[in-house]
Amino acid sequence: MRAICLLFPVILVAGSCDKTSGGENNVGKDSTTITYTASTEDFTNPERGFYRYSETTVDNFTALDAGTLATYKSGTMPSGGTFSVMSTLVFRYFIMSGYTGKALPAAFLTNLSKDFATARAAGIKLIPRFTYTISVTAGTCSEGWICTPYGDAPKSIVLSHIAQLKPILQANADVIATLQLGFIGVWGENFYTDYFGDASSNGQKQLLDQNWKDRSEVLKAMLDALPQDRMVQIRLPQLKQKFVYGASALPTASAMTAEEAASGTDKARIGYHNDCFLSSANDYGTFADYGSSSSTPVEATTAMRNFTSMDSKYVVVGGETCSDEYSPQNDCEPTGHAEQEFSDMHYSFLNADYNAAVNNDWQTGGCLDNIKRKLGYRLVLKDASFLSSTDSLAATIHLQNVGYAAPYNPRPVQLLLRNMATKKIDSLTFITEVRKWVTGDVTLRQSFKLPSGMPAGTYELLLNLPDGYNSLRNMPAYSIRLANNNVWESTTGYNNLNHKITIQ
């Protein structure tokens, strides 16, 4: 029989460490509680924060550059920006101009695979979006600045292109943070489109049932092109209502529940990208109602905002700012409510490169540093308690997510025991779901049976939140760093709990 002794840590993260008896019914057991100090440092973490912008075309492919990606991670100033950001995410536009009526060439698919390989080696992840055009044609139409033809492709071509891309996306899902729906309309933003219903004043001013069905078919194809552990972001929240509940669904349709979240269903895998964050009362149509064959559009900003706020608690949300005219609303508190909006809509990432006028206002207004720290998750260790008995270890770890959102991709949560003499590691896995670690308190509480055959010795305890994919699991760049002083091990990607046990 093995005996386990708990040792006080040599270096405590905080100024106190209590050791209490386990009670008369737990003879031979000792409980130790360690408290931790939160950090205010801005540092990188995977799948969150300000992202950097990149684009390329099919026929004039400009590959991702490893050196540039390295500078993004270490910190650079965006074009037109008055601030510096460190980024682990890169938005990547793949512009398929000239391919609205034919298959994508094999060379492009090869180049696409090379891009993913470059990202993987650099320790970053991509947010891909495929589109046929990012150009507009002015004219004498109703809107003037943008007229038909818009330049996107018919549904048959879109679906055939998704089928071509599917093997590449499946093979490289480990470095896809999330995929944006794209394809439909100018910029792939699903609005100004030649084939999927023109809801602008240039066209029918609403969307009909067949338009919603066609869009849903494309969304379904994109969901199927990815593994079940990856999400697809859509530009218009109403599309999720129409996809889940049918073309006649109203803006008051129900949001996803906690029980439905992280289930791998299509409903649980549809997130949002708002590319006009705080640009108007409804963010330039983001939160608008576009009707159906049986209902004309109505004012639904409040209903759509409420739906998105509730639904986004458990899915990925990101985007960019697009206009500084909605000021002071899009400024820092108390004049504006930028931080509250990030919190209400559970933002994980935002474009660092656009719109500089809005982003720079946050630097001037004094809230940018807080936004940089809180985009996505920010997990802070509060305290940890360990209770030992022969061949077992019980752990209770209290954390707090002070960020705007939960992690949106699955990953294991492991308690590691590292032999101080041999450095050999034994891993114990918590039963938990990080995608439900929403803003607020998080508790890990579990009793473990220690692995058989562990040699006598002293073991350090560490908390490890590696990537969910085996290809990235041993790469520190893809592990979550906790926001505490004297905890992070940059060479391993582990969070040292500053506590030891001895097995005799």
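Remarks
- Length gained on full extension, residue 394 to residue 454, computed as 0.36 nm times the residue gap minus the Cα-Cα distance: 19.9 nm.
- Counting neighbouring beta carbons within 10 Å and listing from fewest to most, the residues 304, 222, 475 come out as 475, 304, 222.
- Packing, taken as the mean count of other beta carbons within 10 Å per residue, orders the peptides 138-147, 476-485 from highest to lowest as 476-485, 138-147.
- Cα long-axis angle, helix 301-311 against the chain (0 to 90 degrees, to the nearest 10): 30 degrees
- Separation of the residue 117 and residue 423 label points, Cα + 7 Å toward Cβ, nm: 3.0 nm
- Rounded to 10°, Cα long-axis angle of helix 155-171 versus longest principal axis of the chain: 20 degrees
- Segment 49-374: antiparallel DSSP beta bridges as a percent of all, rounded to 5: 5 percent
- Averaged over residues, the count of other Cβ atoms within 10 Å places the peptides 210-220, 51-61, 418-428 in the sequence 210-220, 51-61, 418-428, highest first.
- Linear extension gain, residue 445 paired with residue 76, 0.36 nm per residue minus alpha-carbon span: 128.8 nm
- Separation of the alpha carbons by more than 25 angstrom is noted, of 73/382; 372/436; 114/166; 267/372; 155/242; 125/372, for 73/382; 267/372.
- Relative to the longest principal axis of the Cα atoms of the chain, the long axis of helix 209-224 makes an angle of roughly 40 degrees.
- Between residue 66 and residue 281, the distance separating the two model label sites (each 7 Å from Cα on the Cα→Cβ line) works out to 5.3 nm.
- Length gained on full extension, residue 213 to residue 333: 39.1 nm, using 0.36 nm per residue less the C-alpha separation.
- Among 225-232, 397-404, sorting by the average number of other beta carbon atoms lying within 10 angstrom of each residue, highest first, gives 397-404, 225-232.
- Computing mean projected area of the Cα convex hull in nm² directly from the structure and comparing it against [x] 29.2; [y] 22.7; [z] 25.3 singles out [z].
- Note on segment 292-343 and segment 168-188: Cα centroid distance 23 Å, given to the nearest whole angstrom.
- Helix-only mean residue ellipticity at 222 nm for the chain, each DSSP H run of n ≥ 4 adding -39500 (n - 2.57), per residue, nearest 500: -6500 deg cm²/dmol
Read-outs throughout are calculated quantities, based only on the coordinates presented, and are distinct from any laboratory measurement. Since the structure is predicted, the reported quantities are computational estimates derived from the model, not experimental observations. Glycine gets a Cβ as well: all are built from the backbone with ideal geometry, and neighbour counts include every protein chain shown.
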